Amino acid sequence: MSEVAYGRLKSKKRQERTANLITLVVVVFFAVLVLFPIWWIFRTSLMTNAEIYKYPPSLLPADWLFSNYEKTLEIFKFWKYLWNTMIIIVPSCLAGTFTATLCGYAFARLRFRGKKLIWALCVGSMLLPAMVTLIPLYIGWTRGLGLHDSYLPLILPYFCGGGAFNIFLIRQFIVSIPRELDQAATIDGAGYFRILFSIIMPAIRPAMIVVALFIFIGLWNDLLQQMIYINGSDKYTIALGLTNFRGQLKQDWSLTMAATCMSFAPGVLFYVIGQKYFVEGITLTGMKS
């Protein structure tokens with residue numbers, strides 16, 4: 001290797017190291033911005049109320065008062081609220097993921113009359129604000145079907161396709177799978193459902209996990225609809241219970257933040273478990289045409 005070529009190679013490596021270092025600094029900076037509010041909530045939950053209002057504020061508690069969590073659990077019915085939330089989320093995630101897969105498979109593989117029109121309506125419905133349908137749905141569920149103070153209005157919609165975006169996500173994944181696999185299975189005598197369960201679903205597992213995560217996150221944070229359809233305190237979810245708990249304590253921020261930490265911990269845990277498939281699914285879906 002000539003001296004000039006060696007110098008160019010060395011310069012190129014130096015530029016790559018510099019670029020990598022700058023990228024790392026930027027990523028760490030934004031990571032700190034994202035994580036700092038979470039840390040602030042956690043450190044507040046371990047302080048006394050007097051220490052919270054002290055100025056200047058400290059990043060670390062003087063005493064790590066994990067007893068605040070014990071006091072919170074005496075008032076905040078965390079396990080009851082978590083159970084109620086799971087009653088909504090588990091069937092919704094299972095049904096929403098399955099029905100979105102069925103719909104996505106139909107749009108990606110099957111031929112039927114009106115397919116393009118129905119697909120256009122499905123995609124177009126994503127542009128419809130949720131507030132537009134909120135009142136008609138409430139009237140339909142409560143006056144039409146008599147489902148007052150019930151979880152069913154929050155669960156049953158996921159038995160009907162799982163949402164337009166989830167159908168779109170699944171469909172984009174299935175489109176990328178070669179049709180030759182379907183044709184080979186058809187020659188062997190496989191029907192539509194056999195192809196779906198034996199070929200398509202194993203291949204789109206990352207997308208199905210992404211759909212389940214989206215449904216989980218949406219229901220976990222859906223305070224508005226839960227406030228509308230759930231009235232009895234014995235049926236409160238995490239979101240409703242936390243809102244009610246904060247109103248009861250008013251200025252007791254240490255216990256309020258302890259309840260907040262307990263409320264978002266299961267969601268964070270669920271995301272950490274599925275983040276590999278979440279990133280993979282989003283990345284691959286973005287590459288589909």
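The values are calculated or read from the model by the stated rules, or taken from the named source; none is laboratory data. Keep in mind the model is a prediction, meaning the values are calculated, not measured. Because the Cβ atoms are built from the backbone with ideal geometry, glycine has one as well, and the counts that use them run over all protein chains shown. Just so you know, the surface numbers come from the protein's heavy atoms only, side chains and all, with ligands and any DNA or RNA stripped out. Shrake-Rupley method; radii C 1.70, N 1.55, O 1.52, S 1.80 Å.
Within the stretch 200-212, the set of residues being open to solvent by 40 Å² or more (accessible area, probe 1.4 Å) and β-branched (Val, Ile, Thr) comprises just one member, Ile209.
When Gln172, Gln183 are screened for being at pLDDT below 85 and assigned to a helix (DSSP H, G or I), only Gln183 passes. On the stretch given as the stretch 213-235, residues that are under 20 Å from the mean Cα position of the chain (by Cα) and open to solvent by 20 Å² or more (accessible area, probe 1.4 Å) total 10. Here Gly189 clears all of (1) modelled with pLDDT of 85 or more; (2) not in a helix (DSSP H, G or I) except the condition numbered (1).
One line per residue, one yes/no per condition, for (1) part of a loop (DSSP other than H, G, I, E, B); (2) modelled with pLDDT of 85 or more:
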| position | (1), (2) |
| --- | --- |
| Ile215 | no, yes |
| Leu219 | no, yes |
| Met227 | no, yes |
| Asn231 | yes, yes |
| Asp234 | no, yes |
| Gly241 | no, yes |
| Gly247 | no, no |
| Gln251 | yes, no |
| Leu255 | no, yes |
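Scanning the stretch 47-56 for residues that are open to solvent by 70 Å² or more (accessible area, probe 1.4 Å) and either assigned to a loop (DSSP other than H, G, I, E, B) or under 26 Å from Ser233 (Cβ atoms) (or both) yields Tyr53, Lys54, Tyr55, Pro56.
Taken over the stretch 180-199, the criterion of being without any contact (Cβ under 8 Å) to a residue 24 or more places away in the chain and open to solvent by 90 Å² or more (accessible area, probe 1.4 Å) is satisfied by Glu180, Gln183, Ile187, Asp188, Phe193, Arg194, Phe197. Each residue in the stretch 58-80 was checked for being acidic (Asp, Glu) and assigned to a helix (DSSP H, G or I), and 2 of them qualify.
Across the stretch 46-53, not a single residue is classified as over 22 Å from Gln248 (Cβ atoms), in contact with a Ser or Thr (Cβ under 9 Å, 6 or more places away or on another chain) and modelled with pLDDT of 85 or more.
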